[in-house]
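The structure under discussion appears below in the form of structure tokens.
The values are calculated or read from the model by the stated rules, or taken from the named source; none is laboratory data. Quick caveat, the model's predicted, so the values are computed rather than measured. When we count neighbours, we look across all protein chains shown, and the Cβ atoms used for this are built from the backbone with ideal geometry, even at glycine.
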Amino acid sequence: MVDNLPQVRILARELFTNQQFQEQIKFAFVELFNSQLIDVFDYYKKQGQLVDWPDERIIRYIAGTIASYLIPEILLLEIKIDVAQVSDEATEFLIKGLTPQK
């Protein structure tokens, strides 16, 4: 996303202003959620590697973590992120937060 920031900004602007685009994005996420993520979440829950929470809650935490790094980059031109560092930080946070407690 960082490499295509101008395009991402256009998509973000459209997402906030274009109702038809909002519906398309919503449909795409629902399809992804229903077809692939549920199976992945179920697998890792059964392995004891993912908390046994509702899938929607897990997705909110993942999306919120990603958005917390991307939104400032999208909205503010002068902020430059270190993708490797951000990826490490987000991964560390999500692993700690979504791993079941022993």
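For the stretch 56-63, does any single residue satisfy the condition of being under 28 Å from Asp3 (Cβ atoms) and small (Gly, Ala, Ser)?
Here is the first cut: in the stretch 56-63, the ones under 28 Å from Asp3 (Cβ atoms) are 58-63.
Subsequent filtering for residues that are small (Gly, Ala, Ser) retains 63.
So far as the stretch 56-63 goes, yes, one or more of its residues are under 28 Å from Asp3 (Cβ atoms) and small (Gly, Ala, Ser).
Hey, among Ala63, Ala67, Ala28, Ala90, which residue is within 24 Å of Arg9 (Cα to Cα) and loosely packed, with under 11 Cβ neighbours inside 10 Å? Reasoning before the result, please.
On the way: Ala63 fails: loosely packed, with under 11 Cβ neighbours inside 10 Å; Ala67 fails: loosely packed, with under 11 Cβ neighbours inside 10 Å; Ala90 fails: loosely packed, with under 11 Cβ neighbours inside 10 Å.
Only one candidate qualifies: Ala28.
For Leu5, indicate whether it is within 19 Å of Glu92 (Cβ to Cβ), touching a residue at least 60 places away in the same chain (Cβ under 8 Å) and of a type outside the set (Val, Ile, Thr).
Numbers: within 19 Å of Glu92 (Cβ to Cβ): no; touching a residue at least 60 places away in the same chain (Cβ under 8 Å): yes; of a type outside the set (Val, Ile, Thr): yes.
So Leu5 fails the test.
If Val8 passes every condition in (1) at pLDDT below 90; (2) closer than 26 Å to Gln85 by Cβ; (3) loosely packed, with under 13 Cβ neighbours inside 10 Å but one, which one does it miss?
Of (1) at pLDDT below 90; (2) closer than 26 Å to Gln85 by Cβ; (3) loosely packed, with under 13 Cβ neighbours inside 10 Å, only one is false for Val8: (3).
What's the number of the only condition in (1) of a type in the set (Phe, Trp, Tyr); (2) under 24 Å from Leu98 (Cβ atoms); (3) in a helix (DSSP H, G or I) that Trp53 fails to meet?
Result: Trp53 fails condition (3) only.
Restricting attention to the stretch 76-101, report how many residues are free of Cβ contacts under 8 Å to residues at least 40 places away in the same chain and farther than 19 Å from Ile58 by Cβ.
Residues in the stretch 76-101 being free of Cβ contacts under 8 Å to residues at least 40 places away in the same chain and farther than 19 Å from Ile58 by Cβ: 10 in total.
Could you give me the residue pairs with C-beta distances under 7 Å whose first residue belongs to the stretch 39-67 and is at positive phi, whose second residue is modelled with pLDDT of 95 or more wherever it lies, and which are 6+ apart or on separate chains?
Pairs found: Gly48/Pro100.
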